[in-house]
Amino acid sequence: MSRTLRPDAVFIQAVIAGALSFAHLHDLAEAAGQDDWKAWAYPVSVDLLLVAAWRRMRTDAENRDAWLWFAIALVASLGANIATAGLLDLNNVPAWLRILVAGWPALAFLGGTLLAHAPAAVREPEPMDQPHVEPTADVTVERAPEPAPELPPADAAPRDAPPQPAPTAPAVPVPPALLDHAQKIADAHQAQTGAPIDTATLRSRLGVPPALADAIAVQLA
């Protein structure tokens with residue numbers, strides 16, 4: 001199957017513009033003292049640097065070196081085209097322009113080397129389409145309450161063991177004379193107040209220790 005060649009206006013325009021720029025660069029290099037094949041090599045060097053910088057910018061838009069060398073090549077191409085438009089006497093080229101033309105090969109070699117060895121931007125892989133998963137219905141599982149563990153029965157108190165009697169305080173001997181005196185004080189207190197005397201009052205009246213006062217109160221009761 002044969003393909004029909006169709007003229008493209010953009011392609012034709014690019015060829016014409018490239019040819020004119022190529023000729024202007026050649027004429028400027030020849031006027032600056034670069035003769036024979038060297039004059040033809042200058043347009044190739046400028047255009048190749050321009051294309052290399054443009055391709056690096058396409059792959060890595062944030063590469064500042066690519067923008068810098070693209071601007072340098074563009075200024076060199078535009079400068080040559082403007083200089084050959086009658087603004088510069090090609091029969092009497094100034095010394096500074098000869099220096100720029102002579103130093104261009106080293107500058108272009110440096111730019112091309114830096115662009116060739118500049119690391120390309122690493123693009124993150126696009127996420128793969130995940131298979132559609134149907135949502136599952138929520139299932140509630142009810143668990144029966146576990147029975148509480150049975151505790152072993154407490155050991156009953158032995159029935160044969162007799163109850164232990166409460167310890168009693170040892171009896172404190174009360175002198176008869178002191179007991180008679182305490183009886184008189186208790187009778188006088190009851191006659192005055194109408195109530196029997198308590199142990200604290202009896203102890204304060206007799207001036208005896210608490211144990212002896214308790215023993216006297218027990219015998220007076």
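The values are calculated or read from the model by the stated rules, or taken from the named source; none is laboratory data. None of the values given here were measured: they were computed from a predicted structure. Here Cβ is always computed from backbone atoms with ideal geometry, including for glycine, and neighbour counts include all displayed protein chains. Accessible surface areas use protein heavy atoms only, side chains included; no ligands, DNA or RNA. Shrake-Rupley method; radii C 1.70, N 1.55, O 1.52, S 1.80 Å.
Structure summary
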item	result
Largest-first principal axis extents, alpha carbons of the stretch 12-91, Å	43, 27, 25
Accessible area in square angstrom per residue, the stretch 12-68, 1.4 angstrom probe	63
Percent accessible area from carbon and sulfur atoms, the stretch 13-76, protein chains only, probe 1.4 Å	65
Relative packing of peptides 53-61, 177-185 - highest average C-beta neighbours within 10 Å first	53-61, 177-185
